[in-house]
Amino acid sequence: MINELKSDFNKIYNKVGERAFFSPGRVNLIGEHTDYNGGNVFPCALDMGTFAIVSKREDELVRAYSNNFKELGVIEFSLENLINIKEDDWGNYPKGVIKMFVDEGHKIDNGFDILFHGNIPNGSGLSSSASIELATAIVLKNLFSLDVDMVSMVKLAQKAENKFIGVNCGIMDQFAIGMGKANCAILLDTKNIIHKYVPLDLKDSVIVIANTNKRRGLADSKYNERRYECDTALGELKEVVKINELCDLCAEDFEKHSGVIKNDVNRRRAKHAIYENERTKKAVVELEKGDLKAFGKLMNASHVSLRDDYEVTGIELDTLVELAWMEEGVIGSRMTGAGFGGCTVSIVNEKNVESFMKNVGAGYKDAIGYDATFYIGRVGDGTREI
Ligand code: GLA
């Protein structure tokens, strides 16, 4: 793989690609739409992701090429002019990260040539954008010997997404990708940024990811609207309880005070965030006890809440999940990521994986009119030089 990519690099830039990096994608097992409400999330890094081949330049130019967007050719910009322009398309992701590093005071005095190659489907909700952001971050750290640790890089990547790209995302994706660990999921308390690795012992089951193949862009989705609805509910709750974020409340206290939220929609958004946070903590306890069945039930409940209270699923995700629930050997199934399209995550007994893909795939095609795509989710390490 790396040799092939180095040869691609050579063809594009007519020089040798000196160093190689890898940054994974992520799948979230449970804890959805909690990360901007001060709650817990439980994602893991995948073995799919973004490769980057790099070579330093003498001048201040950055030239970037992606095998995934060959039609866009080489995107070129100067370190002197790090602004978001539409024509630079995907190139705004690496550019945004460079800008955040520079603004933070990191010394990046030369440009570089870079080739990206991603094997996560774009727009599938497995965080191809956070993956390329962290890939850029690790390139900068290693090329310019910067004194910056992974958690700081995670925060800079999130900042690039918020301030440069304009998507108000939480920290989950960047954290899972930067800090991932093979065969472990990460329980992250997003309020205090405290994390714990939990070995993913799924016994004779595996993670199956199903892609709706419905294209979805976070920026133009209803993501920012959900944040606003949560903030509105939080503002009203603050009039009666002392909290800083929605997930500071437990479900019991929420029930006591929820009447203060005037609008029913906002009340359901807050309810989802608060109950989902509790489900996530419970799910991790069950997994640690080895009770996969209980873990799966919480995954299912998460989907129901995202469907009915948070309303971020839609016909494609609901179809995949509801078909999955009917299959033999399915321990749990839910949408993963922001929603509005993207992927589902299911825990499926190994011996049922084939029939699962066949039956859910056929049912989906019948109902939606085009195919879903299935992958086995293998849990890998975080962003690194290779
Ligand atoms: C997207 C965002 C994350 C998180 C999820 C929903 O993936 O980037 O920060 O909010 O949606 O859980």
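The values are calculated or read from the model by the stated rules, or taken from the named source; none is laboratory data. Computed from a prediction, not measured in an experiment: that's the story for all the values here. Cβ atoms come from the backbone with ideal geometry, glycine included; neighbour counts cover every protein chain shown. We work out accessible area using only protein heavy atoms, side chains counted, and drop any ligands, DNA or RNA first. Shrake-Rupley method; radii C 1.70, N 1.55, O 1.52, S 1.80 Å.
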Pseudo-spin-label distance residue 281 to residue 251, built 7 Å along Cα→Cβ, given in nm, is 1.2 nm
Mind jotting down the distance between the C-alpha centroids of the stretch 62-134 and the stretch 177-240, whole Å? 24 Å
Taking a straight Cα-to-Cα line shorter than 13 Å from residue 289, and setting aside same-chain aspartates and glutamates fewer than 8 residues away, one finds 201
Under 17 Å by backbone N from the virtual spin label 7 Å along Cα-to-Cβ at residue 240, the residues of the stretch 262-284 are 262-272, 274-275
Kindly flag which residue pairs out of 99/159; 6/163; 191/271; 56/163 have an alpha-carbon separation exceeding 22 Å in this structure. 6/163; 56/163
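Compute the length gained on full extension between residue 291 and residue 58: take 0.36 nm times their separation in residues and subtract their Cα-Cα distance, giving the result in nm to one decimal.
Details: separation 233, 0.36 × 233 = 83.88 nm, distance 5.65 nm.
The span from residue 291 to residue 58 would gain 78.2 nm if fully extended.
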Carbon plus sulfur, as percent of the 1.4 Å-probe accessible area of the chain, comes to 47 percent
Residues of the stretch 7-42 with backbone nitrogen within less than 15 Å of a virtual label 7 Å along the Cα-to-Cβ line of residue 168, please, listed as ranges. 33-38
What list of ³J(HN,Hα) couplings, whole Hz, do you get for the stretch 277-283 from phi and the Karplus terms 6.51, -1.76, 1.60, once you set θ to phi - 60° and write x for glycine and proline? 4, 5, 4, 5, 5, 5, 4
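Residue 193 to residue 4: extension gain in nm, 0.36 nm per residue of separation minus the Cα-Cα distance?
64.2 nm
To the nearest 20 debye, what charge dipole does the chain have about its Cα centre, counting +1 at the Cβ of each Lys and Arg and -1 at the Cβ of each Asp and Glu? List each step's numbers first, then the result.
Values: 48 positive and 58 negative charges, 41 e Å.
Rounded to the nearest 20 debye, it is 200 debye.
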Gain in span if fully extended, residue 264 to residue 78, counting 0.36 nm per residue against the direct Cα distance: 62.0 nm
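Would you work out the relative contact order for the stretch 66-167, in percent, from Cα pairs under 8 angstrom that are 6 or more residues apart?
35 percent.
Given a cut-off of under 8 Å on Cα pairs at least six residues apart, what relative contact order in percent is computed for the chain? Write down the numbers at each step before the final one.
Working: 799 pairs, mean separation 91.8, N = 386.
24 percent.
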In whole Hz, the Karplus estimates of ³J(HN,Hα) for the stretch 313-330 (6.51, -1.76, 1.60; θ = phi - 60°; x where Gly or Pro) are 8, x, 4, 5, 5, 4, 4, 4, 6, 5, 5, 4, 4, 7, 7, 5, x, 8
Under the rule a/c < 1.5 gives rounded, and otherwise a/b versus b/c splits prolate from oblate, where does the stretch 55-161 land using the Cα gyration tensor? oblate
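In square angstrom, what is the accessible area per residue of the chain with a 1.4 angstrom probe? Don't skip to the answer; put the middle values down first.
Details: 15790 Å² over 386 residues.
Value for the chain: 41 Å² per residue.
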Once amide hydrogens are built 1.01 Å from N within the peptide plane, the residues lying 5 or more places from residue 205 or on another chain with amide H under 5 Å from its amide H are 350
How high is the relative contact order of the stretch 231-386, given as a whole-number percent (alpha carbon pairs under 8 Å, six or more residues apart)? 15 percent
